[in-house]
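Structure, as structure tokens:
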Amino acid sequence: MAYPIYFKVNKAEISRKDPHFIDVVKSLKGLGKQFSLCKLILIRSSSSPEGGYTLNERLAHRRARALVDSLKRHIVIPDSTIEERYMHEDYEGLRRMLLKSKASYRDKVVGIIESNRGDDKEIKRRLMELEAGKIWKSLLRDFYPRLRAARILIFVTRNFEYVDLNVPKTPIPTIAVKPPEEWP
């Protein structure tokens, strides 16, 4: 299962009323007895590029911690199963979203990201300068909100119990999961 939790600008708080968070909790609780949780819970958090580098790095980390802490209020999660990965400014996520979009400036922005990999300051500088800041404002409005996120990927295993061969097997429920490189 994979779920995104979105955050407001410069915030790391999760509302108990957030529909995405409610879905995560329901899904975890709904796994019931036929699954044993937690081979691994992978949390990948990020911030959008609009703030300063150091602030964005702290913010991404705080978002991952907020998600873990919020989940622990509802279910038991052993610390040994949690792995956090966070990125300060998610230019790769922005690139993936733009490649799927029809934005008129798509190729310009993707080109800047691809030609300046590893130099986030240069990417930000060049994006802010595009068309006298008009594209930056469009990115802020149309794409950056989806970069302010923590995404949770939950790996579960099925509990194996005694199986009576005379009883028909019940199908194992499956959930389609996109690979992390396709997450929004």
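The values are calculated or read from the model by the stated rules, or taken from the named source; none is laboratory data. Values in this document were obtained by computation on a predicted structure and should not be read as measured data. Every residue, glycine among them, receives a Cβ derived from its backbone with ideal geometry; neighbour counts consider all protein chains shown. Each accessible area value is taken on the protein alone, full model and side chains, heavy atoms only, with ligands, DNA and RNA left out. Shrake-Rupley method; radii C 1.70, N 1.55, O 1.52, S 1.80 Å.
For beta carbons closer than 8 Å, sequence separation of 6+ or different chains, a first residue in the stretch 68-87 that is at negative phi and a second that is in a strand (DSSP E or B) and open to solvent by 100 Å² or more (accessible area, probe 1.4 Å), the qualifying pairs are 81/39.
Can you name the residue in the stretch 90-104 that is in contact (Cβ under 8 Å) with a residue 40 or more places away in the chain and in a helix (DSSP H, G or I) and is also most open to solvent (accessible area, probe 1.4 Å) among such residues? The selected residue is 96.
Residues of the stretch 44-64 that are farther than 27 Å from residue 155 by Cβ, open to solvent by 10 Å² or more (accessible area, probe 1.4 Å) and part of a helix (DSSP H, G or I): 53, 54, 55, 58. The single condition from (1) farther than 24 Å from residue 91 by Cβ; (2) modelled with pLDDT under 85 that residue 42 fails is (1). Here residue 85 passes the criteria (1) outside any helix (DSSP H, G or I); (2) open to solvent by 20 Å² or more (accessible area, probe 1.4 Å); (3) in contact with a helix residue (DSSP H, G or I) (Cβ under 9 Å, 6 or more places away or on another chain); (4) farther than 18 Å from residue 5 by Cβ except the one numbered (4).
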